[in-house]
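The block underneath contains the structure these notes are about, expressed in structure tokens.
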Amino acid sequence: DAKTTQPNSMESNEEEPVHLPCNHSTISGTDYIHWYRQLPSQGPEYVIHGLTSNVNNRMASLAIAEDRKSSTLILHRATLRDAAVYYCILRDAGESGGGADGLTFGKGTHLIIQP
Amino acid sequence: GAVVSQHPSWVICKSGTSVKIECRSLDFQATTMFWYRQFPKQSLMLMATSNEGSKATYEQGVEKDKFLINHASLTLSTLTVTSAHPEDSSFYICSARPGQGATYEQYFGPGTRLTVT
């Protein structure tokens, strides 16, 4: 899987929007962009994923650059419960529609929410 | 969303003994499950891929004879840490996916914290 680069940590205030960046300059045309988060002492939780178009769900929005070399996870109104490590992961669908492998986690971004 | 459970949530065992951890997909079937390990202040590392009805696939550096994986059914995979030692103390997390392909998200269990004394 292609590599992603994220800031080690970010800090935001409660009830404000948060923009978490991810760079993936070597992304291939069949790579999906997935975001997961891990709250302290818990297993990771799926947040959102996309391929080319921006995506919205009840948890967050995913903005994908036109050249797909970067993306931004947007939490519209952060709460204290959003404090977690956020991981940006590329998943290669490939010609065989694979993605049969497990996920490769980088270091992620440690998001700190101030009350 | 889909739910994956793990049991036990934590376990303390003595050095030299074996420990079994269960991973269940509660509301979907999973032909493939994954086992990860996470040491303190580190990221998750994939240990092995558990395949229903066939042998598990282990990542490089993971001893298959030490970490026994059995995918007994479409909703259950077990990880047995044999002859555990203090260096095996870690947070073990499983995941499952309701379908094949990169468009499917993975659902993770809550993790099992193993402490070997």
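Coordinate-derived values only; no laboratory data. Quantities reported herein were computed from a predicted structural model and do not represent experimental measurements. Cβ sites come from the backbone with ideal geometry, for glycine too, and all protein chains shown count toward neighbours.
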In nanometres, what is the gap between the two model label sites at residue B:29 and residue B:60, each 7 Å from Cα along Cα-to-Cβ? 3.6 nm
Please give the length that would be gained between residue B:9 and residue B:51 if that part of the chain were fully extended, namely 0.36 nm times their separation in residues minus their C-alpha to C-alpha distance (nm, one decimal). 12.8 nm
What base-10 log of the normalised intensity I(q)/I(0) is obtained for the protein assembly as shown from the Debye formula, alpha carbons as equal point scatterers, at q = 0.13, 0.16 Å⁻¹? -0.78, -1.13
Quote the Stokes-Einstein diffusion coefficient, in whole µm² s⁻¹, for chain A, based on the Kirkwood radius over alpha carbon pairs, a temperature of 10 °C and a viscosity of 1.306 mPa s. 111 µm²/s
What are the GluC sites (Glu not before Pro) within the range B:1-63 that DSSP puts in a loop, where the Cβ has at most 13 other Cβ atoms within 10 Å? B:63
Just to be sure I understand the model, the point goes 7 Å from the Cα along the line to the Cβ. What's the resulting residue B:83 to residue A:16 distance in nm? 5.5 nm
Counting Lys and Arg as +1 and Asp and Glu as -1, what is the net charge of the other residues whose Cβ lies under 14 Å from the Cβ of residue A:82? -1
Using a Cα-Cα cut-off of under 29 Å, which lysines could be cross-linked to residue B:66, ignoring same-chain neighbours fewer than 8 residues away? A:107, B:14, B:20, B:41, B:55
Relative contact order of chain A, pairs being alpha-carbon contacts under 8 Å that are 6 or more residues apart, as %: 37 percent
Could you check the simple spin-label distance between residue A:58 and residue A:77, using points 7 Å along Cα→Cβ, in nm with one decimal? 1.6 nm
